[in-house]
1. At 0.36 nm per residue, and after removing the present C-alpha to C-alpha distance, how many nm does the segment from Asn81 to Phe142 gain when stretched out fully?
2. What is the pair-distance distribution P(r) of the range 37-147, computed from all Cα-Cα distances in 5 Å bins starting at 0, with each bin given as a whole percent?
3. Pairs of alpha-carbon atoms within less than 8 angstrom and 6+ residues apart define the contacts here; what relative contact order does the range 37-147 have, in percent?
4. Return the distance in nm (one decimal) between the two label points of a simple spin-label model at Leu93 and Val46, each offset 7 Å from Cα along Cα→Cβ.
Amino acid sequence: MICVSCSMFHDMCFMFYVPCSMILLYNESVRRITIKNMKKIIFHWVISTLAVMVAAYVLPGASVDGILVAFVVAVVLGIINTFIKPVVSILTLPISALTLGIFSLVINALFVMLVDRFVEGFHVAGFWWALIFSVFVSLINFVLHNKE
């Protein structure tokens, strides 16, 4: 039998110390989970896109050129919140504890300003508008995600 992880002939994968059949089962379950959750991920992106569009429409200090730009903003904010925010949250944990978590709003506003800098067609007038925008988008996401 050829091992999936190291392409050698043996019954056990020496890399993970599990039978090769277990690795095959694990790979199949990962594929199944990914395909199963793809609709949910797209649904969350659509909700985030709607939240960005509504926030840009309601707030005079934020603007989005179109729905495609709002989708890009939603995806970039999602990527930032997935990969960068945990690291920044750990690094700023002392000041967040000191301010009882209010500093996380500042972090979110800085991320919105970062997205403003990188996404063409998305503009936030300043720090305070970015703070209001991030709170507004968070509230809309909270309400719409709890409806599902």
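1. Between Asn81 and Phe142, full extension yields 20.5 nm more.
2. Going from the shortest bin to the longest, the percentages are 2, 13, 22, 25, 19, 12, 6, 1.
3. Computed value for the range 37-147: 36 percent relative contact order.
4. 3.8
Coordinate-derived values only; no laboratory data. Just so it is clear, the structure is predicted and the values come from calculations on it, not from any experiment. Note that we place each Cβ from the backbone using ideal geometry, even for glycine, and neighbour counts take in every protein chain shown.
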